[in-house]
Amino acid sequence: MFHSSEALEDICHVFYKGTIPCRKITIYDIEEYIPFANQWETRWEHALDNIENVDVKLMDVKKDKIILRKL
């Protein structure tokens, strides 16, 4: 099973590796599907709290979005 923090780590990895050909991306939401409730739940704050392999200094975290920039 994949979690919101794994999704955020994956997108950061491919972005900083250069697979995504741009200088900046904006993430407006990270959702996780809850099968028992049959709905999607916003989990971006939880994802930020639990990421492990990402340098959070490279992220600009605003109230309603996460911005990733290449140096």
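Miscellaneous remarks
- Here LYS17 is the anchor, and the lysines within straight C-alpha reach of less than 22 Å, apart from those fewer than 8 places off in the same chain, are LYS57, LYS65, LYS70.
- Shape class of the chain from the Cα gyration tensor (axes a ≥ b ≥ c, square roots of the eigenvalues): prolate, since a/c reaches 1.5 or more and a/b is larger than b/c.
- Angle in degrees between helix 4-17 and the longest Cα principal axis of the chain, rounded to the nearest 10: 20
- Taking a straight line from the alpha carbon of LYS24, these aspartates and glutamates sit under 17 Å away, with near neighbours fewer than eight places off in the same chain left out: GLU9, ASP10, ASP55, ASP60, ASP64.
- Most tightly packed first, judged by the mean number of other beta-carbon atoms within 10 Å of their residues, the peptides 42-54, 9-21 read 42-54, 9-21.
- MRE, 222 nm, helices only [DSSP H, n ≥ 4, -39500 (n - 2.57), over the chain, to nearest 500]: -9000 deg cm²/dmol
- Pairwise label distance in nanometres, ARG69 with HIS13, each label 7 Å out on the Cα-Cβ vector: 2.6
- Pairwise FRET efficiency - HIS46 versus ILE25, Cβ, R0 = 22 Å, nearest 0.05: 0.65
Coordinate-derived values only; no laboratory data. Everything quoted here is computed from the prediction, not taken from an experiment. In this analysis, Cβ positions are derived from the backbone assuming ideal geometry, glycine residues included, and neighbour counts consider all displayed protein chains.
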